[in-house]
1. Mind running the shape call on segment A:508-607? Use the C-alpha gyration tensor, a ≥ b ≥ c as the square roots of the eigenvalues: rounded below 1.5 for a/c, prolate if a/b tops b/c, oblate otherwise.
2. For the protein assembly as shown, what is the charge dipole size about the Cα centre, in debye to the nearest 20, if Lys and Arg each add +1 at the Cβ and Asp and Glu each add -1 at the Cβ?
3. Hey, got the average number of other protein chain Cβ atoms within 10 angstrom for residues in A:285-294?
4. With each run of n ≥ 4 DSSP H residues scored as -39500 (n - 2.57), what mean residue ellipticity at 222 nm is computed for chain A after dividing by its residue count and rounding to the nearest 500 deg cm²/dmol?
5. What do you get for Rg/Rh over chain A if you use C-alpha atoms and the Kirkwood form of Rh?
6. Express as a percent, rounded to the nearest 5, the fraction of DSSP beta bridges in chain A (both residues included) that run antiparallel.
7. Could you pull out the chymotrypsin sites (Phe, Trp or Tyr not before Pro) across segment A:407-484 that fall in loop regions by DSSP (anything but H, G, I, E, B) with no more than 14 other Cβ atoms inside 10 Å?
8. Sum up the charges of everything whose Cβ sits under 12 Å from the Cβ of B:Lys246, counting Lys and Arg as +1 and Asp and Glu as -1, but leave B:Lys246 out.
Amino acid sequence: MSKTIETLDDVVIRFAGDSGDGMQLTGMQFTNTTAMVGNDLSTLPDYPAEIRAPAGTLFGVSSFQLHFSSWDILTPGDHPDVLVAMNPAALKVHLKDLKKGGVIIANIDSFDDKNLNLAGYQASPLTDNSLGNYQVIEVPITKLTLNALQGSGLSQKEMVRCKNFFALGLMYWMYSRPLETTEEWIKEKFGKEPQIAEANDKALKAGYYYGESTEAFAARFEVKPAQLKPGLYRNITGNEATALGVVAAAHKAGIPLYYASYPITPASEILHNLSAYKNFNVKTYQAEDEIAAAGAAVGASYAGNLAVTGTSGPGAALKSETISLAVMLELPLVIVDVQRGGPSTGLPTKTEQSDLLFVTYGRHGEAPAPVIAAATPADCFQMAYEAARIAIKYMTPVYLLTDGYLGNGSEPWLVTDAKDLPPIPVHFRTDPENFHPYSRNENNVRPWALPGTPGLEHRIGGLEKANITGNVSYDPDNHDFMVHLRAEKVKGIEKDIPLQEVYGEQSGDLLVVSWGGTFGAVRSTVERMRKNGYKISHAHLRYLNPFPRNLGDVLKNFKTIFVPEINLGQLSKLLRTEFLIPVVQYNKVRGLPIRSAELEQAIKDALGGVK
Amino acid sequence: MSTSNGNGGVTVKKYTAKDFQSDQDVRWCPGCGDYSILAQVQRILPELDTPKEKHVFISGIGCSSRFPYYMDAYGVHGIHGRAPAMASGVKTANPDLTVWVASGDGDALSIGGNHIIHSLRRNIGLKILMFNNRIYGLTKGQYSPTSELGKKTKSTPFGTIDYPFNPVQLALGAEGTFVARCLDRDPKHLQQVLLRAAKHKGTAFIEIYQNCNVFNDGAFLLLTEKDTKPDNVLYLEHGKPLVFGKENDKGIRLNGFTPEVVSLKDGKFSINDLVVYDEKSFDMAVLLATFSDRAGFPTPIGVFFAVERKAYEDMMTAQIQEVTKKRGTGDLDQLLKSGNTWVVSAN
């Protein structure tokens with residue numbers, strides 16, 4: 001039976017179920033397949049901090065949202081077109097986000113009294129007409145999976161666990177995706193458990209053929225490949241890209257990479273990825289705590305490695321004293337802060353932009369450190385590389401800010417050719433003639449002199465350094481000089497970073513200024529509004545300390561500076577302080593990306609009804 | 001510095017203690033036990049076949065942590081308690097270096113307690129010199145985690161209610177593979193133990209009883225003065241019976257699991273009844289470590305425990321070599337282009 005195929009420009013799907021239902025895996029599989037088909041895509045995994053929250057509860061719901069299209073997209077989408085709800089709790093939690101008229105695919109087998117009760121439903125929403133605004137497709141996913149797997153030799157429980165592959169197969173059919181990518185993945189993943197591999201494969205196919213044969217689906221859809229820039233692509237998460245970025249930087253610098261870290265959500269994947277790259281001259285060190293990770297990284301840097309330590313907010317706080325030491329020692333170090341909701345433990349698995357002021361100022365003493373931020377998951381590669389370049393060139397700790405959304409989210413990455421990466425020259429001092437540990441080059445940078453080098457034996461430390469000799473100095477004028485010198489060194493980096501670019505006109509009524517992981521939401525909003533006749537422009541900052549040297553001039557050319565952030569206005573504060581200009585803030589701190597529609601309304605309000 | 005020996009090989013220059021003295025003025029209080037420790041380290045380094053540029057001294061904060069400034073070698077004066085963490089980074093990044101940690105009872109056991117135990121557990125090749133003066137010196141006289149219970153200090157005018165650590169027990173409990181105790185005022189013995197520590201694979205931990213003549217003067221007087229030392233100090237020597245006393249007239253025997261101090265003079269016991277020390281015996285080390293807390297027992301000085309276990313940095317290197325052998329030297333371009341990739345071609 002063949003059904004009509006409708007062509008769509010873009011689709012947002014959200015898979016939602018219990019934490020144990022395999023929704024992250026299902027979403028990643030759909031993502032990989034979609035990438036292979038050639039769509040542009042953007043993803044938003046969202047999962048609870050608990051590993052296996054009690055089944056069926058609202059707080060145990062895990063979801064994965066995917067936006068894919070035939071054109072260049074920038075966000076995972078505000079509102080899903082399709083919600084796959086594996087149980088009542090998933091429906092309850094996510095219904096409010098679904099587009100009016102959107103599709104709900106509900107696993108009716110899980111809509112029993114117990115689960116309805118756990119989700120807080122008095123009556124089944126599938127029967128009480130409360131879903132009248134949506135197209136509900138009821139599918140007995142559990143039962144159909146069990147039927148498909150009869151005789152597989154697996155236990156009932158094992159068979160039930162395959163139901164996410166049934167749902168995945170059904171969605172593959174619905175959106176005309178091939179099964180091969182997932183089939184191959186199953187083969188590889190469950191190679192040692194052929195029974196499980198076969199069952200998952202069967203469930204996947206059963207879901208696919210169910211779509212084909214059931215009357216429930218009137219039509220299926222297709223989304224044509226996107227017109228992306230030609231080249232080789234891979235789908236990549238921000239954390240994967242960060243890991244590759246520092247490996248590439250160390251490789252180009254010709255020195256080993258040393259990654260010291262303590263596991264923390266949502267930064268741990270960087271450690272996982274790098275620990276697998278042992279044959280790339282990479283050392284990973286899982287330290288006893290965040291402080292030790294920073295300490296070991298400083299030690300490795302002293303010994304001549306490209307030292308990187310990754311963490312999230314709470315860990316960044318613990319590392320702070322050690323970063324001050326690195327400022328005093330003037331050793332290269334990259335600190336990756338994959339920001340999450342705070343304060344304290346906050347929202348470990350949710351995204352936020354609330355560490356900007358912390359990494360800019362959160363050290364005792366006058367302890368300047370460069371801060372840069374990635375804009376998209378794939379941009380983490382370039383910015384990690386850039387963080388390493390600045391750290392090495394300027395002998396300084398550098399913060400790279402990403403966030404939970406960037407770290408876990410993914411998008412197609414136009415793979416950089418290794419030979420096209422800019423060089424990162426490293427000069428280890430070897431000449432003992434006239435060697436002084438705190439002498440400076442034209443950029444105010446001191447030499448990197450490694451232990452093991454004959455004739456350069458010297459001592460450095462946290463006590464104030466005498467200019468040039470590096471000996472301990474309590475001299476008041478020397479301290480004043482050194483405090484200024486360290487600040488000037490970091491400020492001087494502005495000469496070495498790109499000028500700030502503006503999307504849209506270079507002057508006008510309103511400039512939206514954003515930074516970090518909100519790029520996609522902000523750019524797509526500005527794009528849409530410009531199409532609708534609004535004369536607004538957008539400047540997205542990737543360099544936050546120092547700012548690009550033309551930023552002051554850029555800002556002066558607009559009547560209103562509008563700054564949306566997932567915090568209470570941290571970049572706004574920095575812009576006001578640095579440039580003495582008024583700034584209109586837009587702050588939503590929900591642990592989720594900014595919603596384009598809400599942002600659009602806020603910009604319209606700021607424009608005061610002027611187009 | 002090295003010179004060619006004319007046979008294609010290289011001989012290490014013979015250093016003297018003076019070669020390891022930096023040009024910085026030593027600023028410890030006159031009479032401080034730290035001077036002796038510094039001098040003994042400078043004396044033993046020439047005995048090692050290690051060029052001086054390969055010695056790295058890492059410290060934290062405290063009087064002892066000024067140590068690196070006075071050594072003409074590489075050194076970092078770090079932050080409070082974190083010397084083992086930083087030293088672990090140095091050693092694992094470049095296992096070719098000889099990495100020393102100079103630390104005190106506050107630095108190592110209080111603020112840096114976590115790093116000390118994990119270095120010992122990992123068995124990273126660090127030589128940890130823990131100067132124990134049982135007081136906070138640099139902050140001018142508060143009690144430390146090794147101060148005796150009830151001690152009156154600036155922060156405890158009515159006496160401490162903080163039960164102290166026994167550092168040797170702690171190091172043994174943390175899976176240390178070389179654990180020793182020395183006296184600042186027994187330089188010859190300190191030199192011997194330092195030499196052994198320097199040659200040990202993995203973490204070497206030496207607790208050095210060190211007199212702070214300003215804030216805790218005489219803390220170890222019983223153990224260092226000529227007339228009291230023999231009856232209060234038990235030198236541990238591998239393979240030798242545990243004998244002590246002015247006339248070597250006392251010893252340690254085991255009565256079941258219970259150690260006893262016995263006299264060798266009253267005819268009841270002879271040297272053959274005494275425990276023969278075995279530094280490879282963890283049981284013996286743990287038992288002997290309790291002596292310093294037992295009334296009527298001498299304080300053991302020397303190497304409590306010395307066994308071989310693979311050093312962390314060697315396992316790290318081996319694992320990298322093994323993976324590289326299996327997978328080949330990583331090719332960056334291949335890595336970047338790995339995973340599920342697809343090509344978008346120009347129209």
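1. oblate
2. Using Cβ point charges on Lys, Arg, Asp and Glu, the protein assembly as shown gives about 560 debye.
3. 6
4. Dividing the helical sum by the residues of chain A leaves -11000 deg cm²/dmol.
5. Using Cα coordinates only, the ratio equals 1.01.
6. 30
7. Answer in residue order: A:Tyr474.
8. Net of charged neighbours comes to 0.
No lab work stands behind these numbers, since they all come straight from the coordinates. Everything numeric here is computed off the predicted structure, so don't read it as measured data. Heads up, the Cβs are rebuilt from the backbone with ideal geometry, glycines too, and the neighbour counts pull from every protein chain shown.
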